[in-house]
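J.: Structure incoming, see below.
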Amino acid sequence: MSQPYEQLKLQNQLCFPLYACARKIVNAYTPELKPLGLTYTQYIVFMVLWEREEVTVGELGQTLSLDAGTLTPLLKKLEKEGYVTRARSDKDERVTLIRITEKGDALKEKCKDVPQKVASVMNSLKPEEAAELYRLLHKLI
């Protein structure tokens, strides 16, 4: 019996292996980040702030492909814990600036080995395959 809905077979979906792979990778971060009191989403916010020190909420959302509904409560929590400050821009009060604090910057030292520890999830890929996957995923994004 032929399948009239080939497009609905899981094996024909690119989205499923992407979803499963993303879950596997994010789950690999959990045991490394949990002792630091961080979620994966908080960790990637810090990665941006460690590079730039100050960004707007809009820039942060665009960089991380996250909406304000996700970022706002996360940033409020990080501010309450003393890792970031939030302030309105002097140039445009509609814009909120996020700045990393000394406490947030100090967390960088505790996180410096996390990428290497989590890299084992990707050890089945050769470096050039990982680079190609990175390129293709960013092309999709």
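J.: Could you look through the range 55-101, keep only residues that are of a type in the set (Gly, Ala, Ser) and assigned to a helix (DSSP H, G or I), and pick out the one that is nearest to Leu137 (Cα to Cα)?
T.: Taking the candidates together, the pick is Gly61.
J.: Among the residues of the range 63-98, what is the count of those that are charged (D, E, K, R) and either surrounded by 15 or more Cβ atoms within 10 Å (Cβ to Cβ) or in contact with a Cys (Cβ under 8 Å, 6 or more places away or on another chain) (or both)?
T.: Residues in the range 63-98 being charged (D, E, K, R) and either surrounded by 15 or more Cβ atoms within 10 Å (Cβ to Cβ) or in contact with a Cys (Cβ under 8 Å, 6 or more places away or on another chain) (or both): 1 in total.
J.: If a residue must be in a helix (DSSP H, G or I) and among the small types (Gly, Ala, Ser), how many such residues does the range 32-54 contain?
T.: So the answer is 0.
J.: Residues to consider are Ala119, Ala106, Ala131; find the one that is over 30 Å from Leu14 (Cβ atoms), in a helix (DSSP H, G or I) and of a type in the set (A, V, I, L, M, F, W, C).
T.: Result: Ala106 is the single residue among Ala119, Ala106, Ala131 that is over 30 Å from Leu14 (Cβ atoms), in a helix (DSSP H, G or I) and of a type in the set (A, V, I, L, M, F, W, C).
Computed from the coordinates by the stated procedures, all read-outs in this text should not be read as laboratory data. The shown structure was predicted, so the numbers you read here are calculated from the model rather than taken from an experiment. Here the Cβ is made from the backbone with ideal geometry for all residues, glycine too, and neighbour counts use every protein chain on show.
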